[in-house]
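Structure, as structure tokens:
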Amino acid sequence: MVTQNEQTQPWRTVTFAVSFYMVTSLVMVLVNKWTLNGIAVPMTFLWAQLLIAVILLYVSSWFGLLKLPVIQGDITYRLLPLIGVNVIGLTVNTLCLNYVDASFYQVARALVLPITVLLSYLLLSKSSSVMILVSCLIVCLGFFVGVATETHSTISTTTPLGIFYGIFSSFTTALHAIVIKRSLDVVQGATMDLVYYNNLLSAVALLPILILSGEHAKVYDMLWDSLDKSGTEGVYEEAASSNMAMRTFVIGALITVSGGWWVGGFVN
């Protein structure tokens, strides 16, 4: 017979996991916004986060915490839809945060639930209950009220472009969840294998975007200026600014990746 303590234990675990996820996600948003305010290379910052995540996976493998798969061409080909959606989604998420206030970021992406329900019906033929549809209606109303309030605020730095990126981000996030569900079959349900493929291939796919956006030149200048210790007072000031930007870049990347790592560990 199941005791009352055994019945309440899963609820305590779920409550702790959800609470930890909410708090850590909020901290990660704030740290990301702080970092983006201090640097002018958002796509490079995103690429660095993916690279650090891959490095952490390798470190975990070296310590025997998990076993990484060998990259296979056929699996890579079948995962291309996931990689494409992931790269576009992460890019749009970063741009959204770059163009909206941190306090408005989740509101700008609030349409994730309604779009997920719609895509689940269109792509997976899964219908939703009346209560879920009512929840979607409430979310939509909250989104439009939030956008109307934010756009008429005199102290907000949120731009129409940021709101557009938020809506686009909601779509890519909803689509990403559905694509992940299908992609798990490609790796026989091995979640960590999918995480490894996703982060590694996304980091590779993001490199052309960095080059096309011209951020590689900005990163080179930032690195060069931070190492320049000679010259006039103006050069010293520029070097100090570059050093601050580089520290912001590194600290922000490490904190957000570590936060995501801990969230994944507790939720799983």
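Miscellaneous remarks
- Of the numbered criteria (1) surrounded by 15 or more Cβ atoms within 10 Å (Cβ to Cβ); (2) on the phi > 0 side of the Ramachandran plot, the one Leu68 fails is (2).
- With respect to the conditions (1) under 30 Å from Leu36 (Cβ atoms); (2) at pLDDT 85 or above, Tyr121 lacks only one, and its number is (1).
- Residue pairs whose Cβ atoms lie under 9 Å apart, separated by 6 or more positions or on different chains, with the first residue in region 40-65 and under 22 Å from Ile88 (Cα atoms) and the second open to solvent by 10 Å² or more (accessible area, probe 1.4 Å) and outside any helix (DSSP H, G or I), are Phe45/Ile39.
- Criterion violated by Phe104 - all others in (1) aromatic (Phe, Trp, Tyr); (2) within 20 Å of Thr154 (Cα to Cα); (3) open to solvent by 40 Å² or more (accessible area, probe 1.4 Å) satisfied: (3)
- Single residue of Ser135, Ser127, Ser156, Ser120 found to be among the hydroxyl-bearing types (Ser, Thr, Tyr) and either within 19 Å of the chain's Cα centre (by Cα) or under 29 Å from Ile83 (Cβ atoms) (or both): Ser120
- Out of Leu161, Leu118, Leu90, Leu51, one residue alone is out of contact with any helix residue (DSSP H, G or I) (no Cβ under 6 Å at 6 or more places or on another chain), part of a helix (DSSP H, G or I) and open to solvent by 30 Å² or more (accessible area, probe 1.4 Å). It is Leu118.
- Selected residue [touching a Gly at 6+ places or on another chain (Cβ under 7 Å) and assigned to a helix (DSSP H, G or I)] from Cys136, Cys140, Cys96: Cys96
- Flag for Ala110 being in contact (Cβ under 8 Å) with a residue 60 or more places away in the chain, buried (at least 18 other Cβ atoms within 10 Å of the Cβ) and part of a loop (DSSP other than H, G, I, E, B): yes
- The set of residues from region 124-133 being modelled with pLDDT under 90, surrounded by 12 or more Cβ atoms within 10 Å (Cβ to Cβ) and either assigned to a helix (DSSP H, G or I) or not assigned by the TED database to the domain that holds His176 (or both) is empty.
- Only one of the listed residues (Val219, Val147) is surrounded by 13 or more Cβ atoms within 10 Å (Cβ to Cβ) and in the same structural domain as Gly64 (by the TED database). That residue is Val219.
Every residue, every condition in (1) within 24 Å of Ala53 (Cα to Cα); (2) at pLDDT 90 or above; (3) assigned by the TED database to the domain that holds Pro114; (4) not in a helix (DSSP H, G or I), yes or no:
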| residue | (1), (2), (3), (4) |
| --- | --- |
| Thr154 | no, no, yes, yes |
| Gly166 | no, yes, yes, no |
| Ala174 | yes, yes, yes, no |
| Ala177 | yes, no, yes, no |
| Arg182 | yes, no, yes, no |
| Ala203 | yes, yes, no, no |
| Tyr236 | no, no, no, no |
| Ala239 | no, no, no, no |
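- Restricting attention to region 94-105 and to residues that are in contact (Cβ under 8 Å) with a residue 12 or more places away in the chain and closer than 10 Å to Val29 by Cβ, the residue that is farthest from the chain's Cα centre (by Cα) turns out to be Ala102.
The values are calculated or read from the model by the stated rules, or taken from the named source; none is laboratory data. These figures come from a predicted structure and were not determined experimentally. Quick reminder, even Gly has a Cβ in these numbers, built from the backbone with ideal geometry, and neighbours come from all protein chains shown. The accessibility values were calculated without ligands, DNA or RNA, using every heavy atom of the protein model including side chains. Shrake-Rupley method; radii C 1.70, N 1.55, O 1.52, S 1.80 Å.
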